[in-house]
Amino acid sequence: MWIGDQWQVGTPGLFAVVIGVSVYDHLNGGAAPVPETYRLGQLSVSALTAYRVFEWLRDDYKLEGCPIANVWLLLAPTDQEKALEPVLVKHALAPTIDNCEHAVGRWQAAMQTLPQAVAEKSRAFFFFSGHGLEVHQNRQILLPADYLKPPASNVNNALSTENLVNGLASLRVPRQFFFLDACRNDNQELRNKRVEGRRVLNEEVAALVNPDIIAPILYATASGQQAFQQPDPTQGLSLFGTALLDGLSGKPDIELKPLNGGWSVNVYPLQGYVKSRIVKLLEEAQERVRQPVKLGGVTDNEVITLAPPPKKVVLMGSPIPLTGNQRADRVGKKLAAPFSVSHAIPMPSQDGGWAEDYGLTHEAFGAETATQLWWNLQLTALSTGAKKSSGDIKLLHVAHAPDTRRFRVELSPIDQDPLGHWLELDDGTCLFGTVLPSDWSGSLRYLIEFDFEFDDDSPSGKRQISRMEATLAPSQPGPAGIAAGLWDTYNASDAETAAQVLQDPKLAERLLAEKVESPLAAAIATLILLRAGRLDLLHDWVRNVANWFPSLPDGATLWAEQLLRQSKNQPDAINEAARYTSRLLERGLPLLAETVGYAARHIDMLLRESDGIDPELLAPLRLLQERMERALVYFRTDGLFPVYTGYKESKEMLEILGLGHFSPALTAPQDLPG
């Protein structure tokens, strides 16, 4: 343990755990690999990246009244990293699961013993760089250096971010920051084992949870996506580590906030900055990897550190601080840049005609594999279970990269279904499915993005889908188009920037108060306001969405989240949240990807509260937990709507989700006001 020289025992301070794992003894390329490594191997710069974070804490972190107190540093460096930075082998524990558990336990104990007044001014800081597996937005498994250690090769001998957050939630230390630089490449075999990680901390019931907890989790990338690392430590750190350290240091163009005559780095600007910085670094490295930075946990725009004052003058191309909207615009353009080959489908062929004209379709997609993929797509009407085909899709626009590895498709089902459709792509190896929700505002347009990668094990070099993402098309009119634009701003920058748009009373009224026009738009706006911590802009509108639109399960989950936030986990609110959450058993799982994460967290938390919950709700919640855990095996989080992959057939997946024809949910609003 390292002790800060500016800190005195019994005074407020920042308590940190920093872990970096480059060397994995029992994975591919390790000293003693086990027979089944789940295609996981060695990393190149995670230990060095973690050490640079420790150096920043030691030398550059600043916050008045809260100096760096203790740091537990655990590193597993490669020989190349040690040659570049010999100090890596000194004063750092090996990050085995037992050492990680010991360090985390001491970290918690150090904060637990702080007097009330001292704890309230103290902070917790956690950084991890290495392999990870995401289950949902608030649950990620972090792999230690001895992962899969024989003889048991226990897949659960890893840290769980959910356990860390829940275990620290009862501390009187209210500000807790988590930064996860984990390569979250998917492995379906590991997902099938429902990996939960080791519970290294005890988790308290809600009554003992600190109601003032703010615990943001900044993820290096989304589920199933790579977190790019330099192949050699002489070339630099991981991209997330580079961007994070630049942002924490207030450079080169992060938006800083004025604070007591100085300047601070805050959570939301840091999220937006890291997103845009990684996009730029990937562009400079000429890498095709897409690395969408995500923010989870309990969020607010909290101060992280003080920083040097921002540059005031623009000199010969020198960077200047960008606002959130400027950054969103810049990132949005860079994310759209790969889709430089564009084809608008001619009007006569849009309504299914394209599916009968192979030449037109092949010209639009530019590759036989993609053409066949879309000719063979399956569409299922959720209200009836009726099977449809590509000819039932209105294909509006196709854009792709020149190398035909990345695609963006704008479409709309020709016949509207009261509940929406299940769209499924089959690349011959794996199924990818997503829900295209319906809305009272009318026919919706959707954007489907997908990437191909070549299968090196296939003699023919067969293409496989490596990523699929589904969202609303911002080109459409009305509330749904506005909501799509809000989501794009949130996705390209941060929740605070997107929420600022909703400060316009007329716009907020249209999306939220007039939710009957577009309940889906109201749900998207609510999600963004919750992510931004803007409870002041939410009223009982969300409850009405939950009550009036059972075909939109997200309403129940978002209202439960608002209840728990506003009431700070009071018993009455917990019971009401349990009642609304249990409705998902009949209505189906949420249709927005980030709402799925909220629902999973609610179910687990409520079942820990079983002594204080209406006994009639416990059986439905347990059944719902089993359904959720089955769904999470296939769940991916990148877009607005969740994508599920790795399942065997659509009927099985839709029964797990419990949607429409596959659920007793009602298809029309109830108790609408006259």
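The values are calculated or read from the model by the stated rules, or taken from the named source; none is laboratory data. Quantities reported herein were computed from a predicted structural model and do not represent experimental measurements. Every residue, glycine among them, receives a Cβ derived from its backbone with ideal geometry; neighbour counts consider all protein chains shown.
Data overview
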| read-out | value |
| --- | --- |
| Near pairs, Cβ below 9 angstrom, 6+ apart or cross-chain, from the stretch 215-233 (more than 14 Å from residue 637 (Cα to Cα) and in the same structural domain as residue 44 (by TED's automatic domain parsing)) to any residue that is charged (D, E, K, R) and modelled with pLDDT under 85 | 217/294; 218/294; 227/184; 228/287 |
| So residue 202, is it part of a loop (DSSP other than H, G, I, E, B), modelled with pLDDT under 90, surrounded by fewer than 24 Cβ atoms within 10 Å (Cβ to Cβ) and of a type outside the set (Val, Ile, Thr) | no |
| Positions within the stretch 253-298 being in a loop (DSSP other than H, G, I, E, B) and at pLDDT 85 or above, in sequence order | 254, 255, 256, 260 |
| Those residues of the stretch 371-427 which are of a type in the set (Phe, Trp, Tyr) and surrounded by fewer than 19 Cβ atoms within 10 Å (Cβ to Cβ), in sequence order | 375 |
| Residues (part of a loop (DSSP other than H, G, I, E, B) and touching a Phe, Trp or Tyr at 6+ places or on another chain (Cβ under 7 Å)) located in the stretch 148-180 | 157, 158 |
| Tabulated pairs, the stretch 575-588, first without any contact (Cβ under 8 Å) to a residue 40 or more places away in the chain, second part of a helix (DSSP H, G or I) and charged (D, E, K, R), C-beta under 9 angstrom, 6+ apart or interchain | 577/561; 580/543 |
| Residues of the stretch 624-652 satisfying the condition of being in a helix (DSSP H, G or I), surrounded by fewer than 18 Cβ atoms within 10 Å (Cβ to Cβ) and not basic (Lys, Arg) | 625, 626, 629, 652 |
| Residue satisfying condition, being under 17 Å from residue 131 (Cα atoms), in the same structural domain as residue 173 (by TED's automatic domain parsing), in a helix (DSSP H, G or I) and not aliphatic (A, V, I, L, M), within set 38, 24, 51 | 51 |
| Count of residues meeting criterion [at pLDDT 95 or above and of a type in the set (Val, Ile, Thr)] in the stretch 125-168 | 0 |
| All positions within the stretch 548-574 that are surrounded by fewer than 24 Cβ atoms within 10 Å (Cβ to Cβ) and over 24 Å from residue 612 (Cβ atoms) | 548, 550 |
| Members of the stretch 630-650 found to be farther than 22 Å from residue 446 by Cβ and charged (D, E, K, R), listed by number | 630, 648, 649 |
| Residue within the stretch 97-111 that is surrounded by 23 or more Cβ atoms within 10 Å (Cβ to Cβ), modelled with pLDDT under 95 and not in a loop (DSSP other than H, G, I, E, B) present | no |
| Failed criterion for residue 466 (all others in (1) at pLDDT 90 or above; (2) surrounded by fewer than 22 Cβ atoms within 10 Å (Cβ to Cβ) hold) | (1) |
| Any hit, the stretch 598-611, residues being under 23 Å from residue 417 (Cα atoms) and modelled with pLDDT of 90 or more | no |
| Residue, farthest from residue 73 (Cα to Cα), within the stretch 1-30, restricted to residues that are within 31 Å of the chain's Cα centre (by Cα) and of a type in the set (Ser, Thr, Tyr) | 24 |
| Residues located in the stretch 1-44, provided they are closer than 20 Å to residue 157 by Cα, in contact with a helix residue (DSSP H, G or I) (Cβ under 7 Å, 6 or more places away or on another chain) and at pLDDT below 95 | 38 |
| Test result for residue 82, of a type in the set (D, E, K, R) and in contact (Cβ under 8 Å) with a residue 40 or more places away in the chain | no |
| From 385, 391, 359, 352, residue being in contact with a strand residue (DSSP E or B) (Cβ under 8 Å, 6 or more places away or on another chain) and of a type in the set (Gly, Ala, Ser) | 352 |
| Which numbered condition residue 149 fails, given (1) under 27 Å from the mean Cα position of the chain (by Cα); (2) more than 30 Å from residue 65 (Cα to Cα); (3) not β-branched (Val, Ile, Thr) | (1) |
| Wholly enclosed helices (runs of 4 or more DSSP H) of the stretch 481-571 bearing at least 2 residues at pLDDT 85 or above | 495-501, 519-531, 541-548, 554-567 |
| Qualifying residue in the stretch 462-471 (condition: within 23 Å of residue 522 (Cα to Cα), assigned to a loop (DSSP other than H, G, I, E, B) and touching a residue at least 24 places away in the same chain (Cβ under 8 Å)) | no |
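So that you can scan it fast, the table gives a plain yes or no per residue for (1) at pLDDT below 95; (2) within 24 Å of the chain's Cα centre (by Cα):
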| site | (1), (2) |
| --- | --- |
| 383 | yes, no |
| 395 | no, no |
| 422 | no, yes |
| 429 | yes, no |
| 432 | no, yes |
| 435 | no, yes |
| 443 | yes, no |
| 447 | no, yes |
| 452 | yes, yes |
